[in-house]
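> Can you keep this structure in mind? I'll have questions shortly.
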Ligand SMILES: Cc1cc2nc3c(=O)[nH]c(=O)nc-3n(C[C@H](O)[C@H](O)[C@H](O)COP(=O)(O)OP(=O)(O)OC[C@H]3O[C@@H](n4cnc5c(N)ncnc54)[C@H](O)[C@@H]3O)c2cc1C
């Protein structure tokens, strides 16, 4: 006979990020006794770092603001960009549940969203001009009271040690704050920080509960309706990153708690894993100072490059610098696969910009970055090349060719500035606002690495977020969402808000399935 439970709930949610808290709210409102286990001493995971644009097509907010957003259009767009028929069932479930989820959440006065222009990442059928993203409305800290201390700090504070005052919470901070506020009003839900999930408990092949730690003590927690794994990916697990991706965990944007615990636990029960090589790729700016063990540098997401050009170790450009970040990541990976010098990338711009011409998580401290060799400045391109260890003639030729493109407004090599997304961050005038000449010394070079906004491979799930075994059959009582799963968008990052949007929708669908009483 198995040991008795120390506690019993209807639903146990593993991970208190965007997907997990959405699911817990849904379960609590349905009257299901719900426990959220969060490994960190704060909630939010990577969602708390995010801008929290949400790709939830066809909802009532985009219906008024976005030009032509629709469920069928979004499906066509996913078909054109992701294009994997095996994922179509889940994609339909995702897109056709998005409006229902937004309507459901906004019935609660604590949860509010606004349309936010941010173009989809591909020029493909079904794309909507200016995108179809919504973001949580900002929320004053006073409205959250003590709950604000339970929201993971911003990336600038958490990773880069910057002093960030949180009088008002924005983006992912606001999403997590709002969800915590809504949950705090539901008696049925307990959200428990500093309570790492350890393993799944089964009976007759059915998941019936979990083991978790609390104050260092292990407890067995029963889950009558099901367990939802919403614990992020394996971003910060150096061994898994090496084994599954051949990559270093060091440049991830994820908090250190993201070590793939839930994926490993499900795999130990025979869950099928897929897409492990995939990531929501991003360019990261490198800063002095270690956030994790390893090299003396750390890094954080940087977006919206409106000046300069990128070169690899050959001193040459290799892609359109204004590409959406995940597509830039894929270009870098393509270089690696072709055996070409890929990383680090040097981002070269001139002195017309008083600081890095983009939107970093935090402004780099130029003096500290110069001292650490992460930023170089020189009066000539040849001198800059010497400092970077790049072939001077090639770098000079690259900059001269780029400047000739800036003069004509046409990037003959990589078509920078031709897409709506490119121009979104470069609204200026001139023949092509994305092509700003590099001709005002001193010249600057800043180091970039390939980061991620999450790994996106993991357990394979069905349209109701049920975890499937190797034979494709659901493992009873076990559900998963977000970066714990093999993403419904495969290897592709189709548009802003897909990571959190998909995590929220499948967390919601999992609970709806559990609430219907049909576990497994
Ligand atoms: C700077 C930045 C900007 C971004 N902007 C956007 C954006 O605008 N839109 C978008 O969609 N995406 C964005 N992303 C990506 C997005 O934030 C993540 O991919 C997404 O939040 C993942 O959500 P999730 O629900 O899978 O998990 P998370 O929200 O990351 O939560 C997982 C949680 O599980 C916990 N956990 C892990 N292991 C355990 C365990 N053993 N026991 C208990 N708990 C555990 C973690 O501590 C964490 O709190 C951004 C990311 C970054 C870094």
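> Select the helices (runs of 4 or more DSSP H) contained entirely in segment 286-389, then report the ones holding at least 3 residues which are at pLDDT 95 or above and over 26 Å from residue 160 (Cα atoms).
Helices (runs of 4 or more DSSP H) meeting the threshold: 325-337, 381-388.
> Kindly provide the set of residues from segment 186-234 that are within 11 Å of the ligand (Cβ to nearest atom), in a loop (DSSP other than H, G, I, E, B) and farther than 23 Å from residue 512 by Cβ, ordered by number.
193, 194, 195, 196, 233, 234 - these are the residues of segment 186-234 that are within 11 Å of the ligand (Cβ to nearest atom), in a loop (DSSP other than H, G, I, E, B) and farther than 23 Å from residue 512 by Cβ.
> Can you find a residue in segment 117-131 that is part of a helix (DSSP H, G or I) and at pLDDT 95 or above?
Within segment 117-131, none of the residues are part of a helix (DSSP H, G or I) and at pLDDT 95 or above.
> Being touching a helix residue (DSSP H, G or I) at 6+ places or on another chain (Cβ under 6 Å) and within 11 Å of the ligand (Cβ to nearest atom), is that true of even one residue in segment 462-469? Outline the logic, then answer.
So the first thing to find is which residues in segment 462-469 are touching a helix residue (DSSP H, G or I) at 6+ places or on another chain (Cβ under 6 Å), and the list is 463-465, 467.
Among the residues that remain, those that are also within 11 Å of the ligand (Cβ to nearest atom) are: none.
No: zero hits.
> Follow-up. Within segment 48-74, track down each residue that is in a helix (DSSP H, G or I), within 16 Å of the ligand (Cβ to nearest atom) and closer than 15 Å to residue 119 by Cβ. Break it down into steps so the answer makes sense when it comes.
Within segment 48-74, the first condition is being in a helix (DSSP H, G or I), and the residues that meet it are 48-49, 60-65, 71-74.
Imposing the further condition that a residue be within 16 Å of the ligand (Cβ to nearest atom) reduces the set to 48-49, 61-62, 74.
Listed by number, the residues that qualify are 62, 74.
> Given the conditions (1) surrounded by 23 or more Cβ atoms within 10 Å (Cβ to Cβ); (2) closer than 24 Å to residue 10 by Cα; (3) near the ligand (Cβ under 9 Å from one of its atoms), and given that residue 172 satisfies all but one, which numbered condition is not satisfied?
(2)
> Could you say whether any residue in segment 465-486 is under 14 Å from the mean Cα position of the chain (by Cα) and on the phi > 0 side of the Ramachandran plot?
Yes, segment 465-486 contains a residue that is under 14 Å from the mean Cα position of the chain (by Cα) and on the phi > 0 side of the Ramachandran plot.
> With the condition kept exactly as written, say whether any residue in segment 86-96 is at pLDDT 95 or above, under 26 Å from residue 151 (Cα atoms) and within 15 Å of the ligand (Cβ to nearest atom).
Checked segment 86-96: no residue is at pLDDT 95 or above, under 26 Å from residue 151 (Cα atoms) and within 15 Å of the ligand (Cβ to nearest atom).
> I need the full set of residues from segment 49-82 which are under 18 Å from residue 105 (Cα atoms) and surrounded by 19 or more Cβ atoms within 10 Å (Cβ to Cβ), in order please.
Across segment 49-82, the qualifying residues are 52, 53, 54, 55, 56, 57, 58, 59, 61, 62.
> Can you tell me which of 99, 110 is buried (at least 17 other Cβ atoms within 10 Å of the Cβ), more than 20 Å from the chain's Cα centre (by Cα) and not in a loop (DSSP other than H, G, I, E, B)?
Answer to the selection: 99.
> Please work out if residue 249 is within 11 Å of the ligand (Cβ to nearest atom) and either in contact with a helix residue (DSSP H, G or I) (Cβ under 8 Å, 6 or more places away or on another chain) or closer than 18 Å to residue 46 by Cα (or both).
Against the criterion (within 11 Å of the ligand (Cβ to nearest atom) and either in contact with a helix residue (DSSP H, G or I) (Cβ under 8 Å, 6 or more places away or on another chain) or closer than 18 Å to residue 46 by Cα (or both)), residue 249 does not qualify.
> Away from the ligand (no atom under 15 Å from the Cβ), buried (at least 22 other Cβ atoms within 10 Å of the Cβ), in contact (Cβ under 8 Å) with a residue 40 or more places away in the chain and outside any helix (DSSP H, G or I) - does that describe any residue in segment 265-274?
Pass one, segment 265-274, residues away from the ligand (no atom under 15 Å from the Cβ): 269-274.
Filter once more, so that each one left must be buried (at least 22 other Cβ atoms within 10 Å of the Cβ): 271.
Applying the additional criterion that residues be in contact (Cβ under 8 Å) with a residue 40 or more places away in the chain yields 271.
Now narrow it down to the ones that are outside any helix (DSSP H, G or I): 271.
Yes.
> Within segment 75-96, how many residues turn out to be at positive phi and not in a loop (DSSP other than H, G, I, E, B)?
Qualifying residue count for the region: 0.
> Looking only at segment 222-243, which residues are at negative phi and surrounded by 22 or more Cβ atoms within 10 Å (Cβ to Cβ)?
Here is the first cut: in segment 222-243, the residues at negative phi are 222-225, 227-231, 233-243.
If the condition is that a residue be at negative phi and surrounded by 22 or more Cβ atoms within 10 Å (Cβ to Cβ), then 223, 225, 227, 228, 229, 230, 231, 233, 234, 235, 237, 241 are the ones that fit.
> On the given criteria, is residue 479 over 20 Å from residue 51 (Cα atoms), assigned to a helix (DSSP H, G or I) and within 14 Å of the ligand (Cβ to nearest atom)? Talk me through it step by step, then tell me what you get.
Numbers: over 20 Å from residue 51 (Cα atoms): yes; assigned to a helix (DSSP H, G or I): no; within 14 Å of the ligand (Cβ to nearest atom): yes.
Criteria not met by residue 479.
> A follow-up question, please. If you go through segment 2-42, how many residues are more than 10 Å from the ligand (Cβ to nearest atom), at pLDDT 95 or above and more than 22 Å from residue 264 (Cβ to Cβ)?
Residues in segment 2-42 being more than 10 Å from the ligand (Cβ to nearest atom), at pLDDT 95 or above and more than 22 Å from residue 264 (Cβ to Cβ): 17 in total.
> Could you figure out which of (1) surrounded by fewer than 24 Cβ atoms within 10 Å (Cβ to Cβ); (2) away from the ligand (no atom under 16 Å from the Cβ); (3) closer than 30 Å to residue 76 by Cβ isn't true of residue 441?
(3)
> Step by step: first the residues of segment 122-140, then only those that are out of contact with any helix residue (DSSP H, G or I) (no Cβ under 6 Å at 6 or more places or on another chain) and within 16 Å of the ligand (Cβ to nearest atom), then the one that is nearest to residue 50 (Cα to Cα). Which residue is that?
135
The values are calculated or read from the model by the stated rules, or taken from the named source; none is laboratory data. Here the structure is a predicted model, which means the values were calculated and not measured. Counting neighbours? That spans all protein chains shown, and the Cβs are built from the backbone with ideal geometry, glycine included.
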